Amino acid sequence: MTTEMTPVTDLPRAIFHDARTTNSFTPEPVHVQLVREVYEAVRWAPTAMNGQPLRLAVVESPAARERLVAHLNEGNKAKTLAAPLTVVAACDPAFHEHLELLAPHRAGAREKMAGDPEFRESFARTNGLIQLGYLILGLRAAGLAVGPMTGLDAAGVDAELFAESGWRTLAVLNVGHGASAEPGAVRPRAGRLDFETAAVVL
């Protein structure tokens, strides 16, 4: 018996092939509501135990932008100040507090994890990064260009933005409509590893 497969060429080129990491954006604003709508869609994608540890700080005000930029590497400061909107993606090591809602099938998981902060930190980071990938693709699917950055002082951002919540910074995303005609807006397309290099069939 054979199973018909959807051709890979039918996957959205706009998300995987055509979209590019972007350093420069047009002045067109990005409204927080659009980020909200993207999050509302990608939150349904899977994580382990449905833990959902991703947290977002949407940096809209100039004052908050300045506070964030102070903790970015020098090469990331100017483009972040110029971006229409910036999102700090973080993870919540206290994700277990929501497990009664998120994982009612795992009775006692909240109480068990309360005493294992090392596990929670690792779980939150791994699954938060998975959700970060979903978020980037969701923003691309909404027609936005994204410039993800990890060149930053994560502890500094945590202290600046997340001192009360205890969230842990994963990456900073500049979001907008790409100014692809500007020099340096996108780098030339680099290579990718093919299946034979990146995979084994066991």
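The values are calculated or read from the model by the stated rules, or taken from the named source; none is laboratory data. Keep in mind that this is a model prediction, so the values were computed, not measured. We place every Cβ from the backbone using ideal geometry, glycine too, and count neighbours over all the protein chains shown. Each accessible area value is taken on the protein alone, full model and side chains, heavy atoms only, with ligands, DNA and RNA left out. Shrake-Rupley method; radii C 1.70, N 1.55, O 1.52, S 1.80 Å.
In the stretch 1-116, Cα pairs under 8 Å separated by at least six residues give a relative contact order of 28 percent. Applying a length cut-off of 18 Å (Cα extent along the axis) and a mean Kyte-Doolittle floor of -1.0 to the DSSP H helices of the chain leaves 117-141. For the stretch 122-183, carbon and sulfur atoms together expose 54% of the accessible surface, with a 1.4 angstrom probe and every protein chain in place. Other residues with beta-carbon under 14 Å from the beta-carbon of Trp167 carry, at +1 per Lys or Arg and -1 per Asp or Glu, a net charge of -2. Positive contributions from Lys and Arg (+1) and negative ones from Asp and Glu (-1), summed over other residues with Cβ under 9 Å from the Cβ of Arg20, come out at +1. Computed from the Kirkwood radius of its Cα pairs, the Stokes-Einstein diffusion coefficient for the stretch 153-202 at 10 °C and 1.306 mPa s stands at 103 µm²/s.
Residues in the stretch 94-144 average 57 Å² of solvent-accessible surface per residue, probe 1.4 Å, ligands and nucleic acids excluded.
Based on the convex hull around the alpha carbon atoms, the stretch 107-202 presents an average projected area of 11.0 nm².
Among the protein heavy atoms, those of Ile136 account for about 30 Å² of accessible surface (1.4 Å probe, every chain in place). Percent of accessible area on the stretch 64-103 owned by carbon and sulfur, 1.4 Å probe? Its accessible area is 54 percent carbon and sulfur atoms.
An oblate overall shape is assigned to the stretch 1-112, the ratio a/c of its alpha-carbon gyration tensor axes (a ≥ b ≥ c) being 1.5 or greater and a/b not exceeding b/c. A viscosity of 1.306 mPa s and a temperature of 10 °C, combined with the Kirkwood radius over C-alpha pairs in the Stokes-Einstein formula, give the chain a diffusion coefficient of 85 µm²/s.
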